[in-house]
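Report on the following structure.
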Amino acid sequence: MISIHTEPQPTDLGDVRVTNRAVVLRHVRLHAPCSRADIAARTGLNKATVSSLVTELIDRRLLRETGLTENRVGRPATMLVLDGEPYAALGAQIAADELVLAAVDLGGNRLLTWRRAFATPACSPADTVAALAALTRRATARLTAQGRAVLGLTVAVPGLVDATGSVPVATELGWRDVTLAADLRAALREPDLAVAVDTDANLAVLAEHRHGGYAGTTDLVHLTGGASVGAGVVAGGRLLRGSRGFAGGIGHVGLVESGPACGCGRRGCLTALAGLPAVVGRLLPDADADGPVTDYLPELDRIQALARQGDPAVHAALTEIGRDLGHAVAVLANLLNPEAVVVGGHLAVLSPWLLPAARSELAARTHAPGAGGCRLDASTLGPTAAALGGATAALAGIESGRLPAH
């Protein structure tokens, strides 16, 4: 399972080489192009250690030399950047109406992004695993044909995930006690492919922390937008998981005592007020005239069109939903004092109409002056943020200093 850590520190005790590899890789990722001397000066590692580590990392195709620079005092230096071209990692995202698969390389470059319409709640968990395994096999075949080794797969789920990769409950998918990681490993029959599972909120905030508009922010929250609303929380540079990994369940915090019924059995939860099915049901009462909605993208496009046309009923409803969203963000701001809360999924798509009211509600309900410095913005990563975070998480082994197999 992934964890977001502060910068690794060089050490002279224990398994020093693994730790110091992580120091070098992180420094190059953040400061490339840079020289061996730059790495030694900035990390505190001695020059001989840096030289040995860099030679090893070049041999494994994790770093590469880019040439000389003369913009410095003394002799020209050979500059280094991340390589990682022979490697790729996969991230998947299970949503109520689609499956997403993404692949990235060590530098965070997207190698592929696939989205497949899939009515998850109407299918069994076994059918979902089979469909996801088929996508994974296709992607793995394409990447290996390019000469890349696929290092792992991390799957994002809108529900609770325990330390074994099982899903005790995912209300919006209709799942209970699904052994997702084990089932997917069995379906893939790929013993060399590491498979992990995490919540979509945790993986989305990992993507934000690495690739988003607030990359590197030490106190950050990402609110997922989809069938449910979850919070991925980075506090002090680390992912906040809680004692059993169930932190971030803001979607089932009750905001309106007599509010609409939620799939969890309670009333007035944030998900029942601002989740995608709730928004579509409220703004497009005719959406299910021909049966249950299984693909929300066309309905979301309809809402955007009506909002752009200035439909007064749609504007009024979006303003009210924005207030509910701001109420929830104020709860997070009062408890966690994050530097920023970013919203994703349909909340980002509808942000021009949601966020003005949400920001006003945040300011009104936060105890600290100026909302404690908390900014509320839309994510720039698009609807596949959790899949991107999953692929990033699958690279965690290399980034922690462990070398891939030859």
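The values are calculated or read from the model by the stated rules, or taken from the named source; none is laboratory data. Only a predicted model underlies this, so the values are computations on that prediction, with no experimental measurement involved. Here Cβ is always computed from backbone atoms with ideal geometry, including for glycine, and neighbour counts include all displayed protein chains. When the accessible area is computed, the model is the full protein with side chains, heavy atoms only, and any ligands, DNA or RNA have been set aside. Shrake-Rupley method; radii C 1.70, N 1.55, O 1.52, S 1.80 Å.
Each residue in segment 79-97 was checked for being surrounded by fewer than 21 Cβ atoms within 10 Å (Cβ to Cβ) and free of Cβ contacts under 8 Å to residues at least 60 places away in the same chain, and 4 of them qualify. Taken together, the residues in segment 203-233 that are crowded, with 24+ Cβ neighbours inside 10 Å and either out of contact with any Leu (no Cβ under 9 Å at 6 or more places or on another chain) or not β-branched (V, I, T) (or both) amount to 16. Looking across segment 162-175, just one residue is within 17 Å of T271 (Cβ to Cβ) and of a type in the set (D, E, K, R), and that is E172. Can you find a residue that is β-branched (V, I, T) and at pLDDT 95 or above anywhere in segment 65-79? No, segment 65-79 has no match at all. Out of all the residues in segment 109-124, which are touching a strand residue (DSSP E or B) at 6+ places or on another chain (Cβ under 9 Å), open to solvent by less than 50 Å² (accessible area, probe 1.4 Å) and not aliphatic (A, V, I, L, M)? Scanning segment 109-124 gives W114, F118, T120.
Residues that are surrounded by 17 or more Cβ atoms within 10 Å (Cβ to Cβ) and either over 22 Å from the mean Cα position of the chain (by Cα) or polar (S, T, N, Q) (or both) were ranked within segment 126-140; the one that is farthest from V155 (Cα to Cα) is T140. Selection of first residues in segment 211-225 that are without any contact (Cβ under 8 Å) to a residue 24 or more places away in the chain and of second residues that are open to solvent by 10 Å² or more (accessible area, probe 1.4 Å), restricted to Cβ pairs under 8 Å at least 6 apart or on distinct chains, gives the following pairs, ordered by first then second residue: A215/H209; G216/H209. All of G108, G84 fail the test of being in contact with a Leu (Cβ under 6 Å, 6 or more places away or on another chain) and outside any strand (DSSP E or B), apart from G84. Across segment 342-382, the qualifying residues are those that are free of Cβ contacts under 8 Å to residues at least 40 places away in the same chain and under 16 Å from the mean Cα position of the chain (by Cα), and the one among them that is nearest to A204 (Cα to Cα) is G382. Restricting attention to segment 296-341, which residues are touching a residue at least 40 places away in the same chain (Cβ under 8 Å) and surrounded by fewer than 20 Cβ atoms within 10 Å (Cβ to Cβ)? Across segment 296-341, the qualifying residues are L297, Q304, A307, V331, L336, N337, E339, A340.
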